[in-house]
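To start, the structure under review is shown below, and the notes come after it.
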Amino acid sequence: MQILKGYVFRLYPTKEQEQLINKTIGCSRFIYNYFLDDKIKEYKETGKSKSAFDQMKLIPLLSKEKEWLKEVDSCSLRNSLLDLERAFKNFYNGSGFPKFKAKGVHERYKTNNIKSSYKGNHYETIKLDLKNKTITLPKLKEVKIRGYRNKEVIPGNIKSAVIKKEAGRYYVSVLIEEPLIRPAFVPTSIIGIDLGIKNLIVTSYNEKIENTIKINNKRLIGLQRGLARCKAGSKNRYKMKLKIQRMYQKIRNARKHMIHDITNKLIKENDIIVTENLDVKSMQKNHYVAKGLNENPISEIIRMLKYKANWNNKKLIQIDRYYPSSQICNVCNYQNKKVKDLSIRKWECPVCYTNHDRDYNASVNIMFEGLKIYMKGIKHSV
């Protein structure tokens with residue numbers, strides 16, 4: 001079985017390479033915005049618009065007018081059009097209408113690994129050398145990297161790379177297709193997890209995992225006030241903006257590290273993980289819980305659990321989002337509808353008089369509901 005894995009490295013380009021990266025990001029943004037405008041105008045006039053592949057044929061003609069487009073990697077320009085096509089597909093599936101890209105926001109470009117052979121020699125446009133800590137990229141040639149100190153070789157075929165600029169620093173994310181050998185699935189343990197706001201995770205073993213990331217809001221507010229006082233286009237404004245970007249980057253990295261630690265532990269210690277299929281987008285519309293949901297990345301935890309369960313041949317079962325896990329007594333199955341009120345954190349069952357902690361009780365019910373789903377699946381497969 002083959003899977004796609006992404007490996008992120010910090011880039012240390014020279015000044016010339018920095019200029020070329022910035023130029024490529026700018027050209028990719030220009031192509032995206034130019035052809036988005038072209039699509040809008042053409043649709044208004046004819047009711048139709050060109051596909052990404054038809055637009056790609058126009059790039060050579062455009063590069064004759066804009067000669068600076070010839071200085072950058074041509075793959076990055078074509079990938080911008082594929083991104084535009086994807087944005088329109090998402091729009092047709094219910095997402096918002098594609099927006100024009102702004103300078104300084106999501107600065108990145110994608111390039112592909114093109115393979116060729118000549119006189120028995122094989123060539124690739126992207127090469128990764130972990131021993132010498134370098135990566136070879138189209139137009140940029142060799143660039144110094146840092147990351148994955150314990151690896152000397154990453155087996156597999158390089159498919160593409162995304163070069164991005166974030167808070168004044170440069171990174172490359174390399175997509176590699178590599179073989180996956182999964183162990184046989186012999187379940188011996190199951191866990192139910194209740195994802196929440198007060199506690200990030202409460203397990204059916206009554207283990208409570210809190211969000212350990214603390215955001216220095218006073219520092220952040222102070223920096224944002226300082227940014228507001230700076231003159232537009234000044235060097236001080238650029239420096240202040242960089243400080244804010246780096247602060248947000250530290251928060252994102254710390255949060256990502258925490259989620260990886262939590263999900264790795266859950267996958268390592270359990271064979272079947274059961275959770276609710278939460279509608280996070282709808283939950284964020286409730287302003288009472290929206291801030292807590294932004295700080296507690298529930299959807300990211302579920303996303304990581306899905307692919308890590310697949311890689312390690314474990315089962316992730318998601319029960320129905322409308323299952324009343326908090327209201328049902330896990331001892332006698334009595335449903336207490338009063339517990340719909342989120343302010344009730346503890347309650348006593350009026351039938352069996354068991355005292356319940358809201359989140360722990362929910363996690364136990366989630367585990368049992370997931371076990372029922374798993375056992376039904378076994379019966380149907382036999």
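No lab work stands behind these numbers, since they all come straight from the coordinates. Please read these numbers as outputs of a predicted model, since none were measured by experiment. In this analysis, Cβ positions are derived from the backbone assuming ideal geometry, glycine residues included, and neighbour counts consider all displayed protein chains.
Computed from phi, the 3J(HN,Hα) profile of segment 6-11 under the Karplus parametrisation 6.51, -1.76, 1.60 (θ = phi - 60°) reads x, 10, 9, 10, 7, 9 Hz, with x in place of Gly and Pro. The distance linking segment 74-131 with segment 196-248 is 30 Å (Cα centroid to Cα centroid, whole angstrom).
Per the Kirkwood formula applied to alpha carbons, segment 80-166 shows a radius of gyration over Rh ratio, Rg over Rh, of 1.08. Going by neighbour counts of Cβ atoms within 10 Å, the residues Tyr238, Tyr360 line up, fewest first, as Tyr238, Tyr360. Relative to the longest principal axis of the Cα atoms of the chain, the long axis of helix 15-46 makes an angle of roughly 80 degrees. The angle between the Cα long axis of helix 74-92 and the main principal axis of the chain comes to about 40°, on a 0 to 90 degree scale.
Computed over the chain, the alpha-carbon pair-distance distribution with 20 angstrom bins reads 20, 47, 29, 3, 0, each value a whole percent.
Here, P(r) means the percent of Cα pairs in each 10 Å bin from 0 to the largest distance; for segment 124-193 it is 15, 40, 20, 15, 9, 0.
Extension gain for Lys127-Thr46 works out to 24.7 nm (0.36 nm per residue, less the C-alpha to C-alpha distance).
With the cut-off at 1.5 for a/c, could you classify segment 198-256 from its C-alpha gyration tensor as rounded, prolate or oblate? Prolate, because a/c is 1.5 or more and a/b exceeds b/c.
Placing +1 on the Cβ of every Lys and Arg and -1 on the Cβ of every Asp and Glu, with nothing else charged, gives the chain a dipole about its Cα centre of roughly 1660 debye.
Counting other Cβ atoms within 10 Å as a rough exposure proxy, the listed residues Asp194, Asp271 run Asp271, Asp194 from fewest neighbours to most.
Taken over segment 2-179, the percentage of Cα pairs per 5 Å bin, counting from 0 up to the bin with the maximum distance, is 1, 7, 15, 18, 18, 15, 12, 7, 4, 1, 0, 0. Taking a point 7 Å out from the Cα of Met1 in the direction of its Cβ, the residues of segment 315-347 whose backbone N falls within less than 15 Å of it are 315-317.
Considering all alpha-carbon pairs of segment 190-381, what whole percent are spaced by more than 21 angstrom?
Cα-Cα pairs of segment 190-381 separated by over 21 Å account for 59 percent.
Between the amide H of Thr134 and those of Asp129, Ile145, distances stay under 5 Å, these residues lying 5 or more places away or on another chain, with hydrogens modeled in the peptide plane. With axes computed from alpha carbons, what is the tilt in degrees of helix 298-311 against the longest principal axis of the chain, rounded to the nearest 10 within 0 to 90? Around 80 degrees separate the two axes.
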